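Peer 1: Okay, handing you the structure first.
Since every read-out is calculated from the coordinates, none of them should be taken as a lab result. In this text the structure is predicted, and so the values were computed from the model without any measurement. Virtual Cβ from ideal backbone geometry, glycine too; neighbours counted across all protein chains shown.
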Amino acid sequence: MWKKSQVGMSTQLGPFEPDSIHNGDALVYLREIPAGSIDLIITDPPFAIDFRAKKLNYNRTGGNVLEGYREIPAEDYRDFTREWVSEAFRVLSPSGSMYVFSGWNRLRDVLEAIDDAGFVTMNHIIWKYQFGVFTRKKFVTSHYHIIYAVKNPHSYIFNKVEHYPEDVWAIKREYWKGKQKTPTKLPSELVRKILKFSSNPGDIVLDPFLGSGTVAVVSSEMGRRFLGFEVVEDYYEFAKARLEEKPAGGASGQ
Ligand SMILES: C[S@@+](CC[C@H](N)C(=O)[O-])C[C@H]1O[C@@H](n2cnc3c(N)ncnc32)[C@H](O)[C@@H]1O
């Protein structure tokens, strides 16, 4: 079962219960996680883009998009990224791995933070998606970068579930027609793929920037344990409702 924020009890995750999500600042919560207690981090942090300016692109169905997305001011983005990435390194187990999503605009900060924290980058994956915006004088951006990094390149989980796993993944975004949604949301298929390759049932998966909670929901469906943080209350509530819809400890195992 997923559990709401329970602070004060001592577990292998410090004050947090396994299979719980929490409404608050990831930079604060990350510091409370004991070193070496997380098996896998999958996260899609804020990108330091101006969401109001981009609203036309994202807000396809007007009133269904939940407002309030928390962005990081551009001038703070480098420090913000360095701070959470170094905490991510600390909380990962010695054989842990991390997948970080990044747009191209602040990719430099993300790559530097990952190197400087001590991670070894194994792959630079391109997620190719469809994005039907009209551009007049430049190409339409239709990819994200996913940095796949490990703590120890001699010991980490990589379940070779595909014969020739390639580093360009063409996966469609999910459009939830008519439903309430957050402005960005990872497709479940993408998260499922990462979980299959880089975790086993029972592993603890962390997403410090939950948004709509896809990483927690899919982890739960696949029998992984999860921990997640989201600073915007409406998004946290949205993620919580999604988790409540799903029975945890799913049968879809591997
Ligand atoms: C790109 S979105 C994540 C989308 C998510 N992967 C999904 O599938 O819905 C980044 C999220 O980080 C949240 N956020 C920004 N700063 C935060 C912080 N300091 N602590 C926790 N969450 C934060 C934003 O509100 C936003 O929901």
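Peer 1: Picking from Phe158, Phe131, Phe197, which residue would you name as being among the aromatic types (Phe, Trp, Tyr) and surrounded by 15 or more Cβ atoms within 10 Å (Cβ to Cβ)?
Peer 2: Every option except Phe197 fails the conditions.
Peer 1: Arg108: part of a helix (DSSP H, G or I) and either over 24 Å from Phe229 (Cα atoms) or in contact with a Cys (Cβ under 7 Å, 6 or more places away or on another chain) (or both), yes or no?
Peer 2: For Arg108, the condition - part of a helix (DSSP H, G or I) and either over 24 Å from Phe229 (Cα atoms) or in contact with a Cys (Cβ under 7 Å, 6 or more places away or on another chain) (or both) - is met.
Peer 1: Report every pair of residues separated by at least 6 positions or lying on different chains whose Cβ atoms are under 6 Å apart, first residue within segment 157-176 and over 30 Å from Pro94 (Cα atoms), second surrounded by 11 or more Cβ atoms within 10 Å (Cβ to Cβ).
Peer 2: The qualifying pairs are Ala170/Lys128; Ile171/Pro187; Ile171/Glu189; Ile171/Leu190; Lys172/Gln130; Arg173/Tyr129; Arg173/Pro187; Glu174/Pro187.
Here's the yes/no breakdown for (1) away from the ligand (no atom under 16 Å from the Cβ); (2) more than 29 Å from Glu83 (Cβ to Cβ):
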residue: Ile126; (1), (2): yes, no
residue: Tyr156; (1), (2): yes, no
residue: Pro165; (1), (2): yes, yes
residue: Lys172; (1), (2): no, yes
residue: Leu210; (1), (2): no, no
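Peer 1: Moving to a separate point now. For segment 209-231, what are the residues that are touching a strand residue (DSSP E or B) at 6+ places or on another chain (Cβ under 8 Å) and part of a loop (DSSP other than H, G, I, E, B)?
Peer 2: Phe209, Leu210, Gly211, Ser212, Gly213, Arg224, Val231 - these are the residues of segment 209-231 that are touching a strand residue (DSSP E or B) at 6+ places or on another chain (Cβ under 8 Å) and part of a loop (DSSP other than H, G, I, E, B).
Peer 1: From the residues in segment 220-234 that are within 12 Å of the ligand (Cβ to nearest atom) and of a type outside the set (Val, Ile, Thr), which one is nearest to Gln12 (Cα to Cα)?
Peer 2: So the residue we want is Gly228.
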